[in-house]
Amino acid sequence: MLMPDGRVRRIPFLDQLGITLVEFGKGRSELLVPVSPELCNSRHVAHGGVLMAALDASMAMAARAAHSDEFHAPMNAITVEMKTTFIRPGIGRLRVVGECVHRATSLTFCEAQVLDEDGELVATASGTFKIRKRAPAPDAQATASPDFQPQA
């Protein structure tokens with residue numbers, strides 16, 4: 001996954017979906033999801049599983065950002081539970097905004113929204129995340145990406 005500072009964090013599933021991170025810090029995250037034909041259902045709109053994965057990732061990143069503004073801080077946010085509400089079909093490039101609503105020592109409570117290119121609400125979610133510290137990764141896993149282009 002490309003980050004705003006040009007570094008890469010390997011999250012293979014999100015990479016496969018084409019999801020990019022545009023904001024991380026202060027208990028918030030923002031992702032962009034380009035809805036390609038491969039990510040659509042039979043109605044030619046974003047598959048619900050794609051939306052749920054993006055909502056989950058955005059809330060997990062917001063949970064981590066509530067504990068540290070450093071994206072590569074040695075911690076994981078593990079989904080404990082999640083509720084999703086689908087409101088309208090997702091088409092085009094979608095923006096997913098996650099926010100921490102309450103932070104405790106080991107559990108973090110978050111909400112997220114998927115918005116379409118017109119700013120219309122597509123889906124919402126709330127979730128609980130367990131924060132687990134891990135050993136720091138070597139810098140080799142967080143390398144600069146020569147292909148990085150800042151998102152507008």
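The values are calculated or read from the model by the stated rules, or taken from the named source; none is laboratory data. Keep in mind it's a predicted model, so treat the numbers as computed, not measured. Positions of Cβ are generated from backbone atoms using ideal geometry, with glycine treated the same way; all protein chains shown enter the neighbour counts. Heavy atoms of the whole protein, side chains included, go into the accessibility calculation; ligands, DNA and RNA do not. Shrake-Rupley method; radii C 1.70, N 1.55, O 1.52, S 1.80 Å.
Here S106 fulfils each of the conditions (1) at pLDDT 95 or above; (2) more than 19 Å from L21 (Cβ to Cβ) apart from (1). Enumerate the pairs (first residue in the stretch 70-91 and without any contact (Cβ under 8 Å) to a residue 60 or more places away in the chain; second residue anywhere and in a loop (DSSP other than H, G, I, E, B) and open to solvent by 90 Å² or more (accessible area, probe 1.4 Å)) with beta-carbon separation below 9 Å, excluding pairs fewer than 6 apart on the same chain, so at least 6 apart or on different chains. Once the first residue is without any contact (Cβ under 8 Å) to a residue 60 or more places away in the chain and sits in the stretch 70-91, its partners that are in a loop (DSSP other than H, G, I, E, B) and open to solvent by 90 Å² or more (accessible area, probe 1.4 Å) give A73/P136; P89/R43; P89/H44; G90/H47; I91/H44; I91/E117. Number of residues in the stretch 64-89 that are touching a Lys or Arg at 6+ places or on another chain (Cβ under 9 Å), open to solvent by less than 40 Å² (accessible area, probe 1.4 Å) and farther than 16 Å from V22 by Cα: the value is 4. Scanning the stretch 94-103 finds no residues that are open to solvent by less than 60 Å² (accessible area, probe 1.4 Å) and over 16 Å from the mean Cα position of the chain (by Cα). The set of residues in the stretch 21-46 that are open to solvent by less than 20 Å² (accessible area, probe 1.4 Å) and assigned to a strand (DSSP E or B) comprises L21, G25, S29, L31, L32, V33, A46. Taking residues in the stretch 40-51 that are among the basic types (K, R), and partners anywhere that are assigned to a loop (DSSP other than H, G, I, E, B), the pairs with Cβ atoms closer than 9 Å and at least 6 places apart or on different chains are R43/P89.
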